[in-house]
1. What's the total number of residues in segment B:71-100 that are touching a residue at least 40 places away in the same chain (Cβ under 8 Å) and either among the aromatic types (Phe, Trp, Tyr) or within 14 Å of chain A (Cβ to nearest Cβ) (or both)?
2. Output the residues belonging to segment B:49-70 that are open to solvent by 30 Å² or more (accessible area, probe 1.4 Å), among the hydroxyl-bearing types (Ser, Thr, Tyr) and either within 19 Å of A:GLN89 (Cβ to Cβ) or within 14 Å of chain A (Cβ to nearest Cβ) (or both).
3. Find all pairs meeting these conditions: Cβ atoms under 9 angstrom apart; at least six residues apart or on different chains; first residue within segment B:40-58 and in a loop (DSSP other than H, G, I, E, B); second residue charged (D, E, K, R).
4. Looking at the structure I just gave you, is B:ALA98 part of a loop (DSSP other than H, G, I, E, B) and surrounded by 14 or more Cβ atoms within 10 Å (Cβ to Cβ)?
5. Of the residues B:THR83, B:THR122, B:THR70, which single one is closer than 24 Å to B:SER28 by Cβ, in contact with a helix residue (DSSP H, G or I) (Cβ under 9 Å, 6 or more places away or on another chain) and hydroxyl-bearing (Ser, Thr, Tyr)?
6. Kindly provide the set of residues from segment A:17-56 that are within 25 Å of B:THR122 (Cβ to Cβ) and part of a strand (DSSP E or B), ordered by number.
7. Conditions first: (1) more than 26 Å from B:CYS97 (Cβ to Cβ); (2) in contact with a strand residue (DSSP E or B) (Cβ under 6 Å, 6 or more places away or on another chain); (3) acidic (Asp, Glu). A:ASP17 passes all but one, so which condition is the exception?
Amino acid sequence: DIQMTQSPSSLSASVGDRVTITCQASQDISNYLNWYQQKPGKAPKLLIYDASNLETGVPSRFSGSGSGTDFTFTISSLQPEDIATYYCQQYDNLPRLVTFGPGTKVDIK
Amino acid sequence: QVTLKESGPVLVKPTETLTLTCTVSGFSLSNARMGVSWIRQPPGKALEWLAHIFSNDEKSYSTSLKSRLTISKDTSKSQVVLTMTNMDPVDTATYYCARILRYYDYIWGSYRFYFDYWGQGTLVTVSS
């Protein structure tokens, strides 16, 4: 099975800061990588699909990039409502398995 | 409006079998581009994918839990059911169902896949 790692596991930043999270796959997954935001006590929400495509209705301060094994998720200007845990997720077509990363918790400093 | 709602017991005893139902609305389980997945999250821990099912009855299971899971659907009732046998306290978690949007990428010759709608989740506690 493909393994996913994320770093850092948590971070604290000030409002307006640029925040970057990385996700690494254990093997080449092309750009089959999605990002989700989970606020405390809530279900996850899709933010980015196929590594860099912004889901409809998601603010443009969120972005994603990367391909192969290394991916980056960025919040260009952190807002108080962005306090959440962010997960990357990949889908392996053969053998049709899904893996989530361990998550990155983002707090306001 | 797409919605998914999980239902099932809030408390199960060790060794019992858990049965969870996901009732969907706003889309059909017969839609070839869509499926439903079960994902769980132990308190304070990360998301863990469990299983999914598509309109053609294609099913996939987590490698580590495959022997304990069964997923099925009743298209006429708009329901997807997950059973998990031999429950243990480590299975205590919030269980989510989520809609899968899947489409075939003819350039790469494979499927693209993501969870675009989620249920609110249901907390299942395993305790005697």
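The values are calculated or read from the model by the stated rules, or taken from the named source; none is laboratory data. Values in this document were obtained by computation on a predicted structure and should not be read as measured data. Every residue, glycine as well, gets a Cβ built from its backbone with ideal geometry; the counts of neighbours run over all protein chains shown. Calculation scope for accessible area: heavy atoms of the full protein, side chains included, ligands and nucleic acids excluded. Shrake-Rupley method; radii C 1.70, N 1.55, O 1.52, S 1.80 Å.
1. 8
2. B:TYR61, B:THR63, B:SER64
3. So the pair list comes out as B:PRO42/B:GLU48; B:PRO42/B:ASP91; B:LEU47/B:ARG40; B:SER55/B:ARG33; B:SER55/B:LYS73; B:ASP57/B:LYS73; B:GLU58/A:ARG96.
4. So B:ALA98 fails the test.
5. The match here is B:THR83.
6. Of everything in segment A:17-56, those that are within 25 Å of B:THR122 (Cβ to Cβ) and part of a strand (DSSP E or B) turn out to be A:ASN34, A:TRP35, A:TYR36, A:GLN37, A:GLN38, A:LYS45, A:LEU46, A:LEU47.
7. If we test A:ASP17 against (1) more than 26 Å from B:CYS97 (Cβ to Cβ); (2) in contact with a strand residue (DSSP E or B) (Cβ under 6 Å, 6 or more places away or on another chain); (3) acidic (Asp, Glu), just (2) comes out false.
Each row is one residue, and each column tells you yes or no for (1) modelled with pLDDT of 95 or more; (2) closer than 23 Å to B:ILE100 by Cα; (3) open to solvent by less than 40 Å² (accessible area, probe 1.4 Å); (4) basic (Lys, Arg).
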site	(1), (2), (3), (4)
A:SER26	yes, no, no, no
A:ASN34	yes, yes, yes, no
A:GLN37	yes, yes, yes, no
A:TYR49	yes, yes, no, no
A:GLY64	yes, yes, yes, no
A:LEU78	yes, no, yes, no
A:PHE100	yes, yes, yes, no
